Amino acid sequence: MSAADVQAILGNPQNFELLVQQLLSTDNASRKHAETVYEALKQHPDGCLQQLLRCLRQSEQVENRSFCAIMLRKALTQTEPTLYTQSSPQMQAALKTELMKALVEEQQKGVVHKVCDTVSELAADLLDKNAWPEILPHLQELISSNNPAAMEAALLILANLASYSTDHLRPHLGGLTPVLGSCLAHSSIDVQVAALHACCNFINSLDDAHERDLFQPMIVPMLTALGRCLSASDESNAQDVLELLIEVAESYPKFMRKNLQEVVSAMMQVGRQECCNGYVPENIQ
C-alpha cells in the first residue's frame, strides 16, 4: 500500500469510517483487505489513534463508535509494542482526555461500557508505570458527580482496577470504602450494581483480612441492592449480583458469617422470585 493511499485515509475522516465499515463487513475478502489496510495505518501511530479517537467521539453511527472503542483497547494495550508507547506525548494526553470525556458524553450505554473496558486496561498498564496517576482522582470526581451514567462508568472502571491493579488502590481504601457505601444507597439500580461489583472485586482481590474487613459494613447494603433488583424484576442485574456475591462467599466463606440472617433472608427472596425464570444457581440451591 502506497504512502499516498495511507495518507488518503488518515487525512480524511470519511475514508476512515469507510474502512471501519469494511472491517465490520461479513464479506471475507472485503474484511481481509480492510485488515491489511488497517495494519498499514498502524505504522503511523499518531494518525491512526487520532482517527480511531475521532470516530469514537464523533461518528454518527453507533456501530462505528462501538467498534472503535474495541479497536482502541486492542491497539493501546494488546499489541506489542502498543500504539500508545509509540505515540507522541501530545497524542497520549489527548487519548486520556478524550476517553474520560467519552465516559460522560457518550449517550449509548453499550458504547460507554466498551470505553470503560478500554480505560480500565490502559489505566492498569499505565499505573504500573506511574504514567496515569490522575486517573484515580478523575474517577472519584465522576463518582461524586451525581450523574448516574458517569457514576456507573467510573465505578465499573474502579471494579476492574480492583482486580487488575489492587496494589495501586490499597493506599486509597480508607477513602474509597465510604464512597462505595454511599453509592450502594444511590437511587439508581445501575449505580448500586456497579458499586457492588467494585466491592466484591476488592473483597476477592485483597489478601489481608483486615483490609477485607473494611468492606464488612457493605454486606447488608449489597444484599439490599440484590433485593431491589429482584423486586424490580431486573433479571440481568439480579443474576450478575448473585454471581458476584456467590464468588465472595466461595472465596471467603467466613466473610458473611456476621450477617448470616440477612444472607439467608436474601437467598429466600431469590428462591421466591419468578423474575429469575428458574435461574437459581446450584450454590444457592
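Things worth noting here:
- Between Ala249 and Val104, the simple label model (points 7 Å from Cα in the Cβ direction) yields a spacing of 4.0 nm.
- Helix-only [θ]222 nm of the chain, DSSP H runs n ≥ 4, -39500 (n - 2.57) each, per residue, nearest 500: -23000 deg cm²/dmol
- Cα-projected label distance for Lys42 with Gln140, points at 7 Å along beta-carbon direction, nm: 3.7 nm
- Taking every alpha-carbon pair within the chain, the share separated by more than 26 Å comes to 50 percent.
- Here the accessible area of the range 50-116 is 47 percent carbon and sulfur, with a 1.4 angstrom probe and all protein chains present.
- Within the listed set Ala209, Ala159, Ala185, the residue fluctuating most in the Gaussian network model of the chain (springs between alpha-carbon atoms under 10 angstrom) is Ala209.
- Percent RCO, i.e. relative contact order, over the range 183-242, from Cα pairs under 8 Å lying at least 6 residues apart: 35 percent
- The modelled label-to-label distance between Thr79 and Ala93, using points 7 Å beyond Cα along the C-beta direction, is 2.5 nm.
- Pairs of Lys residues in the chain are counted when their Cα atoms are under 27 angstrom apart and they lie 8 or more places apart or on different chains; the count is 20.
- Counted residue by residue at 0.36 nm each, then reduced by the alpha carbon distance between them, the extension gain from Glu35 to Lys258 reaches 74.8 nm.
- Each Lys or Arg adds one and each Asp or Glu subtracts one; over the other residues with Cβ under 13 Å from the Cβ of Gln108, this totals 0.
- For the chain, the solvent-accessible area with a 1.4 angstrom probe is 48 square angstrom per residue.
- Calculated FRET efficiency for the pair Val62/Asp27, C-beta based, R₀ 22 Å, to 0.05: 0.55
- Of the complete DSSP H runs in the chain, none spans 30 angstrom or more by Cα along the long axis with a mean Kyte-Doolittle score not below 0.0.
- Residues of the range 158-175 with amide N under 12 Å of the 7 Å Cα→Cβ point at Asp208: 167-174
The values are calculated or read from the model by the stated rules, or taken from the named source; none is laboratory data. Quantities reported herein were computed from a predicted structural model and do not represent experimental measurements. Counting neighbours? That spans all protein chains shown, and the Cβs are built from the backbone with ideal geometry, glycine included. These accessible areas exclude ligands, DNA and RNA; they are computed on the full protein's heavy atoms, side chains included. Shrake-Rupley method; radii C 1.70, N 1.55, O 1.52, S 1.80 Å.
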